[in-house]
Amino acid sequence: MGISKVIGIAGTTLLVTSVGLWKIGLRIVAVPFLATSTIAYIIAVASHNSINIPWILGKNSKGRFPIWSSVLFGPFLILARVYATVKRHMRKKEAVYNMITEGVYLGGWPFMLKHLPPGDPSVIDCTCELPRSDFVPTNEYLCVPTWDTRAPTISQIEFAACWACEKRAKGKPVYVHCAFGHGRSACVVCAVLVALGIAENWKDAENIIREKRKIKMNAVHRKTLDDWTRAWCLLSGTRSPEGAEGTEAIMNAEKNYYLGTSSLEILLHLSQPQLAALKLLDVYA
């Protein structure tokens, strides 16, 4: 069940409760329930796949929430942290993180120092509802705010893959996480594995991840990765994202991109369809 449905059901429950309390004369008690139900409906709409605006929660690039967000969305933000913490303790048999390949880790929200992989990793945070922990340095942190069960945008995936490649080139391990390391973060790791040349395409990357960790990628994640691949096919001038030739060309284009080819050098050799692909990726927005 998607996050918008879960939050919508919770909002309806709170609304019904507030109406019941109001009818029996407990109006002062009913007001907090009514206010919380209103916030829940706002989040349910904002997290719907057709709208998908995670920035409404106000999480900034440093992984922090401004005061207005803490006041307005306080109940939801607190509940998200409590839920992530409690569910972590309930899943003691599941590792907080797993190493997918050398230097690349996938897992859940690190709210304790022991939850971080070894080697002082750079962290890609794929949550919009959970804060950056104080022990994660801001200069080794990338925020890719995404709703639970949703996927990052194509440009976010591309930027995260590029960022991870840069960190790995410097010998830094990379830890990609969401709340539990099953969906949105797995989607990003698929792109990272392709960008690093570990996998030929995101489907192979998904299989590699499944060998190391139990994940739950859904249709939204897969469609986004398909769109990301298709954009690279247009960029590299290939006919299809599925064939071996297409995959090889995508990888060659990515290698040139990550090895530091300048923006001007790239633009001088692009056709109109390829420029359209760049607009889709928002690389030169």
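The table for this structure:
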read-out: Looking only at the stretch 172-223, and only at residues there that are small (Gly, Ala, Ser) and in contact (Cβ under 8 Å) with a residue 60 or more places away in the chain, the one that is surrounded by the most Cβ atoms within 10 Å (Cβ to Cβ); value: Ser185
read-out: Selection status of Arg91, farther than 30 Å from Thr224 by Cα, surrounded by fewer than 17 Cβ atoms within 10 Å (Cβ to Cβ) and basic (Lys, Arg); value: no
read-out: Residues within the stretch 99-142 that are of a type outside the set (A, V, I, L, M, F, W, C), touching a strand residue (DSSP E or B) at 6+ places or on another chain (Cβ under 6 Å) and surrounded by fewer than 21 Cβ atoms within 10 Å (Cβ to Cβ), tallied; value: 2
read-out: Flag for Leu106 being in contact with a Lys or Arg (Cβ under 7 Å, 6 or more places away or on another chain) and over 27 Å from Asp204 (Cα atoms); value: no
read-out: Number of the exception - Val136 against (1) in contact (Cβ under 8 Å) with a residue 60 or more places away in the chain; (2) over 27 Å from Ile56 (Cβ atoms); value: (2)
read-out: Checklist (1) assigned to a helix (DSSP H, G or I); (2) at pLDDT below 50; (3) not aromatic (Phe, Trp, Tyr) applied to Asn207, failing item; value: (2)
read-out: Residues of the stretch 19-37 classified as within 23 Å of His48 (Cβ to Cβ), small (Gly, Ala, Ser) and buried (at least 16 other Cβ atoms within 10 Å of the Cβ), total; value: 1
read-out: Flag for Ala169 being modelled with pLDDT of 95 or more, among the aliphatic types (A, V, I, L, M) and either assigned by the TED database to the domain that holds Pro131 or within 28 Å of Lys93 (Cα to Cα) (or both); value: yes
read-out: Residue satisfying all of: in the stretch 212-250; part of a loop (DSSP other than H, G, I, E, B) and among the β-branched types (Val, Ile, Thr); modelled with the highest pLDDT among these; value: Ile215
read-out: Every residue from the stretch 47-72 that is loosely packed, with under 13 Cβ neighbours inside 10 Å and assigned to a helix (DSSP H, G or I); value: Trp55, Ile67, Trp68, Val71
read-out: Strands (runs of 3 or more DSSP E) (entirely within the stretch 73-148) containing at least 2 residues that are more than 24 Å from Ile43 (Cα to Cα); value: 97-101, 104-107, 122-125
read-out: Options Gly63, Gly8, Gly74, Gly2: the member that is touching a residue at least 60 places away in the same chain (Cβ under 8 Å), farther than 19 Å from Asp125 by Cα and under 24 Å from the mean Cα position of the chain (by Cα); value: Gly2
read-out: Criterion violated by Ala44 - all others in (1) in a helix (DSSP H, G or I); (2) touching a strand residue (DSSP E or B) at 6+ places or on another chain (Cβ under 6 Å) satisfied; value: (2)
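The values are calculated or read from the model by the stated rules, or taken from the named source; none is laboratory data. Not measured: the values here are computed from a predicted model. A quick note on method: Cβ atoms are made from the backbone with ideal geometry, for glycine too, and the neighbour counts reach across all protein chains shown.
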